[in-house]
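Notes follow once the structure below has been shown.
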Amino acid sequence: MRVIILGSAAGGGVPQWNCGCEHCRDARARGASRTQSSVALSADGERWILLNASPDVGAQLAARRVLWPRNARGTPVRAVVLTDGEIDHTLGLALLREGPAPLPVYAPSGVAALLDEPWPLVRLLRAYAGVEPRLLPEGQAVALADLAGTPLGISCTAVAVAHHPPRYAPAARAGSFAVGLRLVDERGGRALAYIPTAGAVDDAVRRIAAGSDLLLFDGTFWSDGELRAAGVAAPTAREMGHLPVGGAGGSATLLPRLGAKRTVLVHINNTNPILRRGGPERAEVEAAGLTVGEDGMEFEL
Ligand code: MLT
Ligand code: MN
Ligand code: ZN
């Protein structure tokens, strides 16, 4: 199974359009941007699945040769799986509207409900190629398939993780709008655990991550009050449903105990000091055996 981190940043990316923080200034000066959170994976290297569809999907597909069209019109992207209904994980669907046929989009029921009503992407896209919504039942393995129903060689189990509803739907039913995914190569049995947003390292996370070959985990914030410290009037990390990486009870101390062969942080916010190479927070993360994800990182599981 091949896995590519298409985008390693949280909503907004790095640099974020309206942010003049040290990390965003540095990214502009070096021309080294991080795009928003998304992963591509494939069992055969030919047919690809996107995990989340970011607002940067166009640039992300253009940046990877394996994701280029093979002929006059077409795409090796056969399906999309959504972990939540946040704008940074779903807006890309609107940017993939030019296809000739509906794109299969797997999502848990709570996320499907978000995309039907408060953030009506599915309805909007009906005027274009459309998407074919497919349900990811809680805790049950589903064989991912293309539009014709041909299996893509990867099974996907979604487990609800601790998270808060999107800001556009504050009353959404708890537990139904964010999942972690366990994606297993049906031939080799290799497993990718994908949890880009999680408010806790709890039983759900343990279940998804245990014994996986690669764990991609929520690295949004280093500390709870990080956004406020950056001068932004915003909720805390925990209020937003993101477990901080640093400090007592932070993910840097909890993730190494989960039994994943390798753990990489993704969905990293532009305020997070782990972005600073050579900084103490980055050193702490690396000393814990974790890797700070980068756009374009590739793994062969
Ligand atoms: C999140 O992951 O918490 C959201 O994407 C935040 C946002 O972009 O509004
Ligand atoms: Mn996000
Ligand atoms: Zn910034």
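The values are calculated or read from the model by the stated rules, or taken from the named source; none is laboratory data. In this text the structure is predicted, and so the values were computed from the model without any measurement. Heads up, the Cβs are rebuilt from the backbone with ideal geometry, glycines too, and the neighbour counts pull from every protein chain shown. Just so you know, the surface numbers come from the protein's heavy atoms only, side chains and all, with ligands and any DNA or RNA stripped out. Shrake-Rupley method; radii C 1.70, N 1.55, O 1.52, S 1.80 Å.
The table below gives the values:
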{"item": "Total charge dipole magnitude, the chain, about the Cα centre, Cβ charges on Lys, Arg, Asp, Glu only, Debye to nearest 20", "result": "420 debye"}
{"item": "Span from the region 228-301 Cα centroid across to the region 93-170 one, whole angstrom", "result": "27 Å"}
{"item": "Binned Cα-Cα distance frequencies in region 151-283 - 10 Å width, integer %", "result": "13, 41, 32, 13, 2"}
{"item": "Charge-dipole axis of region 126-284 as Lys and Arg at +1 and Asp and Glu at -1 on Cβ define it, positive-most pick from G149, L258, G246", "result": "G246"}
{"item": "Residues in region 136-170 that a label on R187 would reach, taking backbone N under 19 Å of a point 7 Å out along Cα→Cβ", "result": "143-146, 150-156"}
{"item": "Average accessible surface area per residue within region 1-138, 1.4 Å rolling probe, Å²", "result": "43 Å²"}
{"item": "Cα-Cα pairs of the chain separated by more than 23 Å (percent)", "result": "52 percent"}
{"item": "Chymotrypsin sites (Phe, Trp or Tyr not before Pro) within region 116-197: DSSP coil, no more than 16 neighbouring Cβ in 10 Å", "result": "Y128, Y168"}
{"item": "Antiparallel content of DSSP bridges confined to region 147-235, in %, to 5", "result": "75 percent"}
{"item": "For region 1-157, the spread of Cα positions along each principal axis, largest first, Å", "result": "47, 36, 33"}
{"item": "Filtered chymotrypsin sites (Phe, Trp or Tyr not before Pro), region 1-108: DSSP coil and at most 13 other beta carbons within 10 Å", "result": "W17"}
{"item": "Candidates per trypsin sites (Lys or Arg not before Pro) in region 96-162, loop by DSSP, up to 15 other Cβ within 10 Å", "result": "R97, R126"}
{"item": "Options W119, P137, G45, ranked by Cα towards positive dipole end of region 37-138, top entry (Cβ charges)", "result": "G45"}
{"item": "CD proxy at 222 nm, helix term only [per DSSP H run n ≥ 4: -39500 (n - 2.57); per residue of the chain; nearest 500]", "result": "-4000 deg cm²/dmol"}
{"item": "Mean separation of Cα contacts under 8 Å (6+ apart) over length of the chain, as relative contact order %", "result": "18 percent"}
{"item": "Cut-off 14 Å between beta-carbons: net charge of the residues surrounding T83, Lys and Arg +1, Asp and Glu -1", "result": "-4"}
{"item": "Carbon and sulfur %, accessible surface of the chain computed with the full protein complex present, 1.4 Å", "result": "53 percent"}
{"item": "Cut-off 13 Å between beta-carbons: net charge of the residues surrounding S54, Lys and Arg +1, Asp and Glu -1", "result": "-4"}
